[in-house]
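Input: a single structure, listed below in structure tokens.
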Amino acid sequence: QVQLVESGGGLVQPGGSLRLSCAASGIIFPVYTMGWYRQAPGKQREMVATITANDGTNYADSVKGRFSISRDNAKNAVYLQMSSLKPGDTAVYYCNAVFVGDDHWGQGTQVTVSS
């Protein structure tokens, strides 16, 4: 049974930082491309950042220079370090694992950026 469990969300003031974590189980983690996606109310889910099995990274233009994705294959975990947060970053953040059409999602964690 595949599980992706996100943690680390919460309420933060504009300009603040948060670190999201995603713990994976039930998959051969090192071969999967891992990603963070987000969905704000009334909007479609969008890619935030991805990291491949070879540690290649890709970021949405809106988060470049502010967010950083990393993975720890020994812990079956992927992280999203978010800095200089803006109210527009408010969304539910989802962890994703994909490998050759095998696609899994976590349940999401809420990030709210507000003063």
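Return only the number of the condition from (1) surrounded by fewer than 16 Cβ atoms within 10 Å (Cβ to Cβ); (2) under 18 Å from residue 25 (Cα atoms); (3) not charged (D, E, K, R) that residue 77 does not satisfy.
(1)
Suppose we filter region 80-91 for residues that are under 14 Å from the mean Cα position of the chain (by Cα) and either over 15 Å from residue 43 (Cα atoms) or crowded, with 21+ Cβ neighbours inside 10 Å (or both); how many remain? Full working, then the answer.
Taking region 80-91 and keeping what is under 14 Å from the mean Cα position of the chain (by Cα), we get 80-83, 89-91.
Still in the list and also either over 15 Å from residue 43 (Cα atoms) or crowded, with 21+ Cβ neighbours inside 10 Å (or both): 80-83, 89, 91.
Summing the residues that are under 14 Å from the mean Cα position of the chain (by Cα) and either over 15 Å from residue 43 (Cα atoms) or crowded, with 21+ Cβ neighbours inside 10 Å (or both) in region 80-91 gives 6.
Sort out which residues of region 92-108 are within 11 Å of the chain's Cα centre (by Cα) and either assigned to a loop (DSSP other than H, G, I, E, B) or within 12 Å of residue 34 (Cβ to Cβ) (or both), and write them in order of number.
94, 95, 96, 97, 105, 106, 108 - these are the residues of region 92-108 that are within 11 Å of the chain's Cα centre (by Cα) and either assigned to a loop (DSSP other than H, G, I, E, B) or within 12 Å of residue 34 (Cβ to Cβ) (or both).
Out of curiosity, is residue 34 in contact (Cβ under 8 Å) with a residue 12 or more places away in the chain, aliphatic (A, V, I, L, M) and open to solvent by less than 40 Å² (accessible area, probe 1.4 Å)? Quick ask: steps written out before the conclusion?
Values: in contact (Cβ under 8 Å) with a residue 12 or more places away in the chain: yes; aliphatic (A, V, I, L, M): yes; open to solvent by less than 40 Å² (accessible area, probe 1.4 Å): yes.
For residue 34, the condition - in contact (Cβ under 8 Å) with a residue 12 or more places away in the chain, aliphatic (A, V, I, L, M) and open to solvent by less than 40 Å² (accessible area, probe 1.4 Å) - is met.
Tell me whether region 74-91 contains one or more residues that are assigned to a strand (DSSP E or B) and in contact with a helix residue (DSSP H, G or I) (Cβ under 6 Å, 6 or more places away or on another chain).
The first filter runs over region 74-91 and keeps only residues assigned to a strand (DSSP E or B), leaving 77-82, 91.
Then drop every residue that is not in contact with a helix residue (DSSP H, G or I) (Cβ under 6 Å, 6 or more places away or on another chain), which leaves none.
Taking every residue of region 74-91 in turn, none turns out to be assigned to a strand (DSSP E or B) and in contact with a helix residue (DSSP H, G or I) (Cβ under 6 Å, 6 or more places away or on another chain).
State yes or no: is residue 111 assigned to a loop (DSSP other than H, G, I, E, B), surrounded by 12 or more Cβ atoms within 10 Å (Cβ to Cβ), in contact with a helix residue (DSSP H, G or I) (Cβ under 8 Å, 6 or more places away or on another chain) and not basic (Lys, Arg)?
Taking the combined requirement at face value, the residue does not satisfy it.
Output the number of the condition that residue 58 fails; it satisfies all remaining conditions of (1) out of contact with any Asp or Glu (no Cβ under 6 Å at 6 or more places or on another chain); (2) under 22 Å from residue 1 (Cα atoms); (3) part of a strand (DSSP E or B).
Residue 58 satisfies all of (1) out of contact with any Asp or Glu (no Cβ under 6 Å at 6 or more places or on another chain); (2) under 22 Å from residue 1 (Cα atoms); (3) part of a strand (DSSP E or B) except (2).
Return the residue satisfying two criteria in turn: it lies in region 53-74 and is closer than 20 Å to residue 41 by Cα and among the aliphatic types (A, V, I, L, M), and of such residues it is most open to solvent (accessible area, probe 1.4 Å).
60
Would you mind finding the one in 5, 48 that is open to solvent by 30 Å² or more (accessible area, probe 1.4 Å), of a type in the set (Val, Ile, Thr) and not in a helix (DSSP H, G or I)?
5
Within region 8-31, how many residues turn out to be over 19 Å from residue 63 (Cβ atoms) and surrounded by 15 or more Cβ atoms within 10 Å (Cβ to Cβ)?
Looking only at that region, the number is 4.
Kindly establish whether residue 98 is β-branched (Val, Ile, Thr), surrounded by 14 or more Cβ atoms within 10 Å (Cβ to Cβ) and within 22 Å of residue 11 (Cα to Cα).
Considered against the rule, which asks whether it is β-branched (Val, Ile, Thr), surrounded by 14 or more Cβ atoms within 10 Å (Cβ to Cβ) and within 22 Å of residue 11 (Cα to Cα), residue 98 comes out as no.
The values are calculated or read from the model by the stated rules, or taken from the named source; none is laboratory data. Note that the structure is a prediction, hence the values are computed from the model and not measured. Methodologically, a virtual Cβ is constructed for each residue, glycine included, from the backbone with ideal geometry; neighbour enumeration extends over all protein chains shown. Ligands, DNA and RNA are excluded from the accessible area calculation, which covers all protein heavy atoms including side chains. Shrake-Rupley method; radii C 1.70, N 1.55, O 1.52, S 1.80 Å.
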